[in-house]
Amino acid sequence: MSQTVRTRPEGSARALSEAYDTALLDLDGVVYAGGNAIVHAVESLGVARDGGMRLAYVTNNALRTPDAVAAHLTELGIATEGSDVITSAQAVARLIADQVPAGARVLVIGGEGLRVALRERGLEPVESAEDEPLAVVQGYGGPELPWGRFAEACYAIARGVPWFASNTDLTIPGARGIAPGNGAAVEVVRIATGAEPQVAGKPLPPMHRETVLRTGAERPLVVGDRLDTDIEGAFNGEVDSLLVLTGVADGAQLLAAPPQHRPTYVDADLRGLLAGQPEVTETDAGGGFRCGGWTATAGEERLELTGDGEALDGLRALCAAAWTAAGDGVCGLDGGKALARLGL
């Protein structure tokens with residue numbers, strides 16, 4: 001795909017909730033963590049929705065059904081219908097249905113979300129490699145998923161049954177911190193079998209296709225906390241993105257981001273939907289970038305930051321200096337001292 005290399009976060013004179021018709025929101029690390037709402041999420045989403053922005057929740061977590069996710073969001077104070085939720089389970093079920101006969105048996109290594117999505121596509125979930133499945137599908141099954149489920153997958157894959165994965169996120173944020181995600185479980189099966197799964201979830205095209213089909217968004221904005229799934233998925237789909245710093249990604253990862261991981265906008269949390277975004281400009285002397293009261297430059301060994309003001313403005317200026325220095329590669333300059341000054 002040929003795309004212009006982003007060298008700085010963009011500004012917006014309008015609130016993002018007015019500039020885009022639909023927010024395609026990741027859940028874990030954006031709206032909630034460990035089941036609890038992230039600070040400012042409920043209020044911000046309510047204001048955006050009341051202002052006319054459609055909210056669609058796009059998650060790589062295949063454990064829960066769309067109705068269960070919608071019920072949870074509603075309990076948190078965000079009125080949601082099951083049709084507002086798009087999961088990687090739905091995306092992988094469509095991918096499988098395109099390749100096996102109607103009514104085919106599919107060995108499920110995961111939770112109820114996968115089983116419901118498969119039935120929606122006219123496929124029959126089964127529990128054992130002895131049930132003669134025509135496909136194996138693996139999705140996040142929660143911390144209590146028995147180790148023996150991986151063995152069932154391996155038995156079927158060794159017989160030549162095609163293997164599918166809802167997603168390959170290595171980690172998942174929770175109330176106590178970062179825990180192993182479905183990608184870690186996929187690695188267990190990969191190591192044991194030497195096989196490679198077909199993957200549906202973000203950042204790959206099947207998930208983007210599923211999202212477009214189910215939302216009909218015309219001016220979508222992807223909102224996420226992960227550079228390697230949410231932001232790369234937006235890049236692959238050629239749509240704009242907002243990175244919020246409430247989940248996995250941190251300032252150091254952002255400065256070192258390759259082109260496909262560079263978001264259009266950066267903000268602390270979902271309040272970023274309700275406001276315009278400050279512009280990052282080049283300094284008159286050239287070679288530096290200014291945002292708010294901060295100026296960032298790329299030195300020979302490190303990124304330099306001068307000035308004062310809002311920490312996020314400093315981070316945006318640093319992104320411009322780092323991404324410009326990196327071009328279509330990865331910035332190797334040390335940004336630790338500058339980030340420490342910002343408290344990031």
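Conditions tested, residue by residue: (1) under 24 Å from Ala97 (Cα atoms); (2) assigned by TED's automatic domain parsing to the domain that holds Arg94; (3) without any contact (Cβ under 8 Å) to a residue 12 or more places away in the chain.
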{"site": "Asp169", "(1), (2), (3)": "yes, yes, no"}
{"site": "Gly181", "(1), (2), (3)": "no, yes, no"}
{"site": "Ala184", "(1), (2), (3)": "no, yes, no"}
{"site": "Arg190", "(1), (2), (3)": "yes, yes, yes"}
Practice task
Return yes or no: is Asp84 surrounded by fewer than 19 Cβ atoms within 10 Å (Cβ to Cβ) and within 23 Å of Arg209 (Cα to Cα)?
Solution key: no
Handout entry: So Arg302, is it on the phi < 0 side of the Ramachandran plot, without any contact (Cβ under 8 Å) to a residue 40 or more places away in the chain and touching a helix residue (DSSP H, G or I) at 6+ places or on another chain (Cβ under 8 Å)
Key = yes
Problem - Residue count, segment 141-194 (criterion: loosely packed, with under 15 Cβ neighbours inside 10 Å, small (Gly, Ala, Ser) and within 20 Å of the chain's Cα centre (by Cα)) - result: 4
Exercise for the section: Go through segment 205-227 residue by residue and tally those that are surrounded by fewer than 21 Cβ atoms within 10 Å (Cβ to Cβ) and modelled with pLDDT under 95. Expected result: 9
Fill in the blank from the handout: Of the candidates Arg94, Arg119, the one satisfying the condition of being farther than 30 Å from Ala298 by Cβ, of a type outside the set (Gly, Ala, Ser), in contact with a strand residue (DSSP E or B) (Cβ under 8 Å, 6 or more places away or on another chain) and assigned by TED's automatic domain parsing to the domain that holds Phe150 is Arg119
Completion exercise
Within segment 96-108, residues more than 12 Å from Ala200 (Cβ to Cβ) and either without any contact (Cβ under 8 Å) to a residue 12 or more places away in the chain or assigned to a loop (DSSP other than H, G, I, E, B) (or both) come out as Val100, Pro101, Ala102, Gly103, Ala104
Practice task
Please give the number of the condition Val137 fails out of (1) crowded, with 22+ Cβ neighbours inside 10 Å; (2) under 16 Å from Ala200 (Cα atoms); (3) over 26 Å from the mean Cα position of the chain (by Cα).
Solution key: (3)
Handout entry: Residues within segment 35-76 that are crowded, with 19+ Cβ neighbours inside 10 Å, within 30 Å of Val199 (Cα to Cα) and among the polar types (S, T, N, Q), tallied
Key = 4
Exercise for the section: Could you grab the pairs with beta carbons closer than 6 Å, sequence gap of 6+ or different chains, first residue in segment 324-344 and in contact (Cβ under 8 Å) with a residue 40 or more places away in the chain, second one in a loop (DSSP other than H, G, I, E, B) and among the aliphatic types (A, V, I, L, M)? Expected result: Asp328/Val5; Val330/Ala256; Cys331/Ala256
Handout entry: In segment 13-34, the residues that are surrounded by fewer than 19 Cβ atoms within 10 Å (Cβ to Cβ) and of a type in the set (Gly, Ala, Ser)
Key = Ala13, Ala15, Ala19, Gly34
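Okay, residues lined up against (1) touching a Leu at 6+ places or on another chain (Cβ under 7 Å); (2) among the acidic types (Asp, Glu); (3) within 19 Å of Pro206 (Cα to Cα):
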| residue | (1), (2), (3) |
| --- | --- |
| Glu75 | no, yes, no |
| Asp84 | yes, yes, yes |
| Arg94 | no, no, yes |
| Glu132 | no, yes, no |
Handout entry: Complete set of residues in segment 131-164 that are of a type in the set (Asp, Glu) and in contact (Cβ under 8 Å) with a residue 12 or more places away in the chain
Key = Asp131, Glu132, Glu152
Fill in the blank from the handout: Checked segment 266-276 for anything out of contact with any Cys (no Cβ under 9 Å at 6 or more places or on another chain) and either aliphatic (A, V, I, L, M) or crowded, with 23+ Cβ neighbours inside 10 Å (or both); matches are Asp267, Ala268, Leu270, Gly272, Leu273, Leu274, Ala275
Fill in the blank from the handout: Counting only residues that are over 19 Å from Gly11 (Cα atoms) and assigned to a helix (DSSP H, G or I), segment 286-333 contains a total of 2
Problem - Of all residues making up segment 169-207, the number that are touching a helix residue (DSSP H, G or I) at 6+ places or on another chain (Cβ under 9 Å) and farther than 27 Å from Glu130 by Cβ - result: 11
Completion exercise
Pairing a residue in segment 2-22 that is in the same structural domain as Pro259 (by TED's automatic domain parsing) with any residue that is of a type in the set (Ser, Thr, Tyr) and modelled with pLDDT under 95, where Cβ atoms lie under 8 Å and the two sit 6 or more apart in sequence or on different chains, gives Thr22/Thr215
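The values are calculated or read from the model by the stated rules, or taken from the named source; none is laboratory data. As the structure is a computational prediction, the values presented were derived from the model and not from experiment. Cβ sites come from the backbone with ideal geometry, for glycine too, and all protein chains shown count toward neighbours.
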